[in-house]
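The next block holds one structure in the form of C-alpha cells; read it before the comments.
Just so it is clear, none of the values below were taken in a lab; they were calculated from the coordinates. If you're wondering where the values come from, they're calculated on a predicted model, not measured in any experiment. Don't worry about glycine lacking a Cβ; one is built from the backbone with ideal geometry, like all the others, and counts go over all protein chains shown.
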Amino acid sequence: MKKRYIQRQYNCDENDIKIVAEKFGIDDNALFLLKKYNVTSQNAEKFFSDGEDGLLDPKLMSGMSAAAEKIKAAVESGKKILIFGDYDADGISASAILKLYFDSVGADSFVYLPKRSEGYGLKIETMMKLKNNPGFDLVVTVDCGITAVDEVEFVRKILKTDIIVTDHHEPGDKLPACVCVNPKLGYPFRDLSGSGVALKVVQALSDEETAKYFCDLASIGTIADIMPLESENRAIVKLGCAHVRNNGLASLLRANKIAAESVDCSSMAMKICPKINAAGRVDAPTAALDLLLADNAADAEMKVAALMDANARRQTLTEKCFAEALDYIDKNNLSLRPAIFVYGEKWQHGILGLVANRLVEKFKVPVGAFMPDGDNIVGSLRTPEGIDLYAVVSELKGRLLRFGGHKMSVGVTLFKDCFEAFYSDFCEKISEHIRDSAEYFYDAVYDEAYLGDRFTAQLKAFEPVQSNNKVIFYGEFGVKAVNVFGKNKNYIKVLTQNGLQLKTFGDYTEFLPALRQNCNIECLFGLEYDDFEKKYVGMIIDMNIIDSISFDDIYLRNYISRISFDGNNDEREIIDIDHVGYYAQEGGCCCVFGSMLEFEKMSRLVDFSDFYLNFFFPRQFSNTVLIAPSKNVDLSKYMSVIIFCHYNFDVEDYSFCENPLFCGDKAEVPAYLYGQKIDRNCCVRIFKAIVGNRAGCIDMNELYLRCGVFEYSIGTFEFVVKIFEELGIFKVYEEPFSVVYNKDVRTELAKSKLFNMIASD
C-alpha cells in the first residue's frame, strides 16, 4: 500500500552529526534537527551563534563599491536623492532603511512607493512626474529595477539623471546600463532580500555597527519575502529580533501584544509582516513607511493607528471579496471542476492572493482569483501542498502575456478573451499533475517527549526558522474532545487522548461529524507556542481520519441521510466486483473509503497495494474513487465514482460526479448496517422517547440527547426515526429542525422495507 505521509530522508554524515550533537548538547531524539537544517561541524559555530559576526564584507557584492562612491559624492555635494521602492513589506522596509540612514548623515532624500494599482517597478510616466516635481539628481532603487532596462535608459538619457539599481530579483538576459547592486550578480550569498541589500548599502557607506542598527527593519523584508534563513540572512534576523531599535516597529509590536523579549521569526511572520503588507494591498503603502520613519515613540504611537486601520480595511475587503467569490463559485457550479477560477469586476489587485488562499483552504484545490486590468486580466493563483503550480503554469505560458512566482503562488496576466481557454487548459494540466498531491512529507514521528522543556529548548536553538521550513511531525491520535473557533466557526480545536492540543487554521469543518464521534486521526503538524494557551500546541498541516469503532455509526448516519421514499432510481449502471480493479486502475486513482467494514470486505476482493488509500475524506483528486457513501464528502472532483452497497438505490441522485457506477446486488444491505440491534422493542422504546421529547430541539443530536436512549447509538436512533418516517408516522424537517408526529396513521412495522432489511426479530 502506498503511503500518503512519507518521512523525509537526509543524506548526511552520521558520525559528523554525532560530533555536532555532543558539542552542542543535542539529544538523540533531536538529531533529525541537525539533518533537517544541514548543520555540520563546518558551519555549526556560525549556525548557533548570536549573529554578531555574521555580516559579510559588502564590497564582495558586485557593483557595491561603485554605488557607494556615487552615493557618497551625491550626499557631499547636496544632491537630491530619490529612493524608489516597492509597495510590499520588503520594498517598504528597504526604503525605510536607506531613508533613515540618509537622514542621519544629512542627505537630501525622499521616498517614492508606487501604489499596487500603478504596478510594480519603475514606470517612465512616473519618473517624468517625479522629475518635474519634486525633482531629483540621483535615483537609487530598492527591491526593484534589475529588469527595467528601458526605464533606466530613459532616466539616464532623456531625464539626464544618474541611477543606481539595488535589487535581489533574478536578472534578465540584459542588465540595465547603470551601476547594479544585486547579490545574484556576484556575492558569496545570493539569497538576500531587497531590504538585506539596502542594509549592505548602508554597511558599505558607513560600517558594520551602523548597519546592525537596521537589522530589525531588514528582518521584516527577509521574513516577509520568505528568504532562506541561512548564512547572512540568519545573522540579520537573529540580530533584528534580538534588538528592535526602530520606533515604528516597536510600536507595532506593542499594538500586537508582542513583548520585546518574545520577538521571533514566527511572531514577525504571523503578526508584523502581514500588517506592513496590508498597507500596500489597499493602495496605502506610505502608511507603513511613515510608521517605520517615525522620529520617536510618541510619533510612532500616533502613526501605528493608520497602519492598523489599513489592515482593518484589508480584512474587511478580503471578507467581502471572499463572500463574492463563494457566490461566483455557486452560480457557475465551479466546485465540480478540478481547479477553481473566480473573477471580480471591482476587486483590488492586492486582495486577489488572499482570496485565493482562503478558497484553497476551503476547497482543497488549486484556485485562481482574477480581476480586470485595462484590456487584460490579472490573477493570483494558489495551490494546496504537493502541486508545483509554477510548473503547471509554465506549460501554459503560450496563453499568457506574462507570469511569475514559485511552486505554491503564481501571478499571471492575460488577454480577456483568453480567460476561458486558459481555465480549461489549466484544469486539464492540473489533472495530469495531481498525483503529486497524494504525498506529504514529515520530519519525525511525534513523541510526547517533544512537548518537554528539554526538547522545546533545543528546538528554539535552531531559530530563526521560516514558516515554510518548520519541523513537521507525524502522529496518530485518539480524539478526546473537539471544538470550533474563529469568526466564522470554521477552525477546529482538537484535544487528543494523550493531552496534545491540535488546531487547524484551514477549513476542516467537513471533518466535524467524525471528530465529534471520538474517532482516531492521523495528521501532520508543527509545534508552535500559543500565547493564549500559554503552551505548545500542534498546528495541523494535513489531517486524515483513520479506523475507529465509531466509523460504522457515522456511516450509518450518512447512509440514512440519503434514503429517499419519493423516487425510484432503479436505472443504474451496475458493474461486477471482478471489474472494480480494472476501473480503478484505468482511473489511476486514489481509493477513498468511509467504513472500515467496507474496506475490509473489499480488500479481500480487490488488490489495493498499488493505490493511494485514504480513509473517510479525500484530500486529493483523480479519475476514479472507491467509496462507501458519505454526505459530508465533496466528490465533485471525480470523473467517475464506484459506489458499493446502496440500499435498493432509493437514494438521492449522485450529482457530485459525471459517471456514478454501482457495484453489487441491488438488494444488498450496506456492510455498516450489519449487527445493528434493531428489533420491535428498540423501535417502540425510541418512538415513545421521541414523542415525549421532540419539541424545541435544534437538531437530531439534541433530540437524541434529550431522549436519553443511550443504550442505542445515535446511528441506530436515526435509523429508527427513518423507519417511522417511511411509515408516515413522523415527518422530519431540517430547517428549522422539527419532528411532526402524525397521530392519524395506523400501520405496522412489518410494512417498512427498512425495518425488514435489518430487523433482528
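Couple of notes before you dig in:
- A cut-off of 5 Å between modelled amide H atoms, ignoring neighbours fewer than 5 places along the same chain, links Y536 with D530.
- Whole-Hz Karplus values for the stretch 708-717 come out as x, 8, 6, 5, 10, 6, 5, x, 4, 4 Hz, taken residue by residue from phi with 6.51 cos²θ - 1.76 cosθ + 1.60 and θ = phi - 60°; glycine and proline positions read x.
- Debye intensity ratio I(q)/I(0), log10, the stretch 352-476, q values 0.14 Å⁻¹ (C-alpha model): -0.70
- Cα gyration tensor, the stretch 184-277 - rounded (a/c under 1.5), prolate or oblate: prolate
- Taking a ≥ b ≥ c as the square roots of the eigenvalues of the alpha-carbon gyration tensor, the stretch 326-423 is classed rounded because a/c is under 1.5.
- Residues whose amide H lies under 5 Å from that of S738, counting only those 5 or more places away or on a different chain, are Y733; hydrogens are built 1.01 Å from N in the peptide plane.
- The Cα trace of the stretch 241-375 gives Rg and Dmax of 17.8, 55 Å, the first to one decimal, the second as a whole number.
- K79 long-range amide H proximity, modeled H, under 5 Å: none
- Cα gyration tensor category, rounded, prolate or oblate, for the stretch 680-758 with a/c compared to 1.5: oblate
- Simple spin-label estimate for D173 and M128 gives 2.8 nm between the two label positions (7 Å along the Cα-to-Cβ direction from each Cα).
- In a fully extended conformation the segment linking C427 and Q42 would gain 133.9 nm over its present Cα-Cα distance, using 0.36 nm per residue.
- Potential lengthening between K751 and E76 on full extension [0.36 nm per residue; Cα-Cα distance subtracted]: 233.0 nm
- In this calculation the C-beta distance from D309 to K487 is compared with R0 = 30 Å, giving a FRET efficiency of 0.95.
- Calculated from backbone phi, Karplus (6.51, -1.76, 1.60) coupling profile of the stretch 137-144 in Hz, x at Gly/Pro: 10, 8, 10, 10, 7, 10, 6, 6
- Taking every alpha-carbon pair within the stretch 1-152, the share separated by more than 26 Å comes to 51 percent.
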